[in-house]
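Remarks on the structure that follows.
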Amino acid sequence: MLFKTMGRSANAFLIVLPIIGCVVWFFLKVFQFQTSPEQYPDGMVILQLSKGWLEGRPFLFDTIYGNHAQQHNYYFIPLIGIFTRFMGVNGLFMAYVCFVGLFFWVYNRGSAHFNVAERRAIWLTALVYIFGPMAYFMYLDYFGWHPEQYFIPLLAFLALSFAQRKWGMFIVWLTLVFLVKESSIVLICCLFLFYSVVDQVILNPSRHWFRYIFNKRNLLITSVSVVIFLIGLWWLSYLNGSQSSRLNQAFSNTQLNTTFFYHIVFSVAVGALTFGLGLIPFMPWLRTFPRKGLIIWVLAGCFGVLFVMFATEALYYFPAIYPGVSYPPRISGLWAFMLSAFVYLSYRVAQAGFTPGQNAINWILTGCLLQFIFGTFLVAHHFTFDTKPSAIAKSASYMIKTGLGFDPYPEGDARQLHGLAKEMPVGSEVIVPFQYLRYFERVYPSFWPQDGRLPAHILGRPLMYVYEKELVQNGAYHVFPAKGYKTIPNEHLLILADSSWYNLKFK
């Protein structure tokens, strides 16, 4: 009786963990955005891409890069506008945890017919993949946020729906994954090839290895994927017109020198260790599964293709050795691939009657420990969290003052600027110093270029200009509105607001 009670308590605890994880993950990102010294320009860009089309702005247009469709096929992110339209940048994080929470709910229902040991092992593995040390550093993307973050829950859904042969949901998740980015089709192709080999081994484990890999199904998967990938690159080239594509710029940045050699060595080390950490949870299932060597080699081959793709993307920013492939949006794609492959393999293996070894939990916890050891090296990050009692007390005080982050910036210039932004009409544009971008998440800020002239991607008449008084005195700015603006008192900043709007709202 005691063991049954303990078993039920353990199951309840495991079920509650994803809920706790989602809540912690959401507020972790909220407070990171509000309190970290990083400015998160990419987070502000993605926020604008998600909701701009809902507020009368051009589709996939932002105030920093302009027409972002010329850089990436980011056609998934506008769907997140249903969150960000009302929640601002927090909507990006809310959408993520909603996807994750929904996945665990569906995952739990889908594994109800497995035995207790299988369910616990599968559940705990998914928790480590999604909330473990590696995922922690990927989620705290130090440039803010990128659409690639959604690969983790979306690919997990794709694997689960395909394993369950729920074709309607499979089409939905396949479409959403495909729309994330132009490189999505490569991820899909590698996953489908892995799924194909797993299914063939389950149906007939005695064939020659060559026939599992080289067959009509895999040839069709590869051919269709290559064609779609080339169409995506052609589309980007078409939108860029005579301008050089990012891919061409990436290769033009490459020079065969010592720096490039170190870049390759560092990238390969990151890729190999990431694959090793991602492979550990597979081992309890592979130990009782036929042709386990073939499965590992296929998994490694597909991972290698993705690694080359993400490493090529990193060349755009070369000659920087770090972060390279360690950059959270890139390594997140590799990690999402391993998660999706595990979800599919474990589900199909359990359906086929193969059970994980008795030491499955030990393998999972060992993998988590190794993630803790290597995660800070493998995933690029610039931030630290102070664990001193005084810092914790300060953070707790901030949480209370800001109502858990929903009324941010309790004092100072940040409070004033954020308050002004909240009162601005939908679609308003402002021009501010770079370090103040985050306070204008509800509207569309541009930052002053180094030459002090107007930013390049202003669409209309700015509602507000914000200058640093010290730089004004030094003659750093070359553009001031001639008339129609009112000065708002501030000790450190020269704030010029549209007179009509300001008199309407604050007089």
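The values are calculated or read from the model by the stated rules, or taken from the named source; none is laboratory data. Every value quoted in this text rests on a predicted model; they were computed, and no experiment measured them. Cβ placement follows ideal geometry from the backbone for every residue including glycine, while neighbour counts extend to all protein chains displayed. Just so you know, the surface numbers come from the protein's heavy atoms only, side chains and all, with ligands and any DNA or RNA stripped out. Shrake-Rupley method; radii C 1.70, N 1.55, O 1.52, S 1.80 Å.
Quick look at the numbers
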| quantity | calculated |
| --- | --- |
| Extreme residue, least open to solvent (accessible area, probe 1.4 Å), among residues of segment 274-298 that are closer than 17 Å to PHE214 by Cβ and in contact (Cβ under 8 Å) with a residue 24 or more places away in the chain | ILE295 |
| Helices (runs of 4 or more DSSP H) enclosed by segment 47-166 - at least 1 residues per element that are aromatic (Phe, Trp, Tyr) and crowded, with 21+ Cβ neighbours inside 10 Å | 90-110, 116-131, 133-139, 151-163 |
| Contacts under 7 angstrom Cβ, first residue in segment 185-197 being among the aromatic types (Phe, Trp, Tyr), partner at pLDDT below 95, 6 or more apart | none |
| Subset of segment 93-125 that is of a type in the set (Gly, Ala, Ser) and at pLDDT 95 or above - its residue that is nearest to SER340 (Cα to Cα) | GLY101 |
| Subset of segment 334-376 [exposed (fewer than 15 other Cβ atoms within 10 Å of the Cβ) and either in contact with a Lys or Arg (Cβ under 8 Å, 6 or more places away or on another chain) or part of a helix (DSSP H, G or I) (or both)] | GLN351, ASN362, LEU365, THR366, LEU369, PHE372, ILE373, THR376 |
| Residue ID - modelled with the lowest pLDDT, chosen from residues in segment 300-333 that are among the small types (Gly, Ala, Ser) and either buried (at least 24 other Cβ atoms within 10 Å of the Cβ) or within 17 Å of ILE152 (Cα to Cα) (or both) | SER326 |
| Some residue of segment 4-19 being modelled with pLDDT of 90 or more, surrounded by fewer than 18 Cβ atoms within 10 Å (Cβ to Cβ) and assigned to a loop (DSSP other than H, G, I, E, B) | no |
| Members of segment 461-505 found to be under 20 Å from GLY419 (Cα atoms), touching a residue at least 12 places away in the same chain (Cβ under 8 Å) and more than 39 Å from the chain's Cα centre (by Cα), listed by number | TYR485, LYS486, SER499, SER500, ASN503 |
| Close pairs (7 angstrom Cβ cut-off, 6 or more residues apart or separate chains): basic (Lys, Arg) and open to solvent by 50 Å² or more (accessible area, probe 1.4 Å) in segment 434-460, at pLDDT 90 or above and not in a loop (DSSP other than H, G, I, E, B) anywhere | ARG442/ALA421; ARG442/LYS422 |
| Filtered residues of segment 62-78 (kept if in contact (Cβ under 8 Å) with a residue 60 or more places away in the chain and either aliphatic (A, V, I, L, M) or in contact with a helix residue (DSSP H, G or I) (Cβ under 7 Å, 6 or more places away or on another chain) (or both)) | ASP62, THR63, ILE64, TYR65, ALA69, GLN70, GLN71, ASN73, TYR74, TYR75, PHE76, ILE77 |
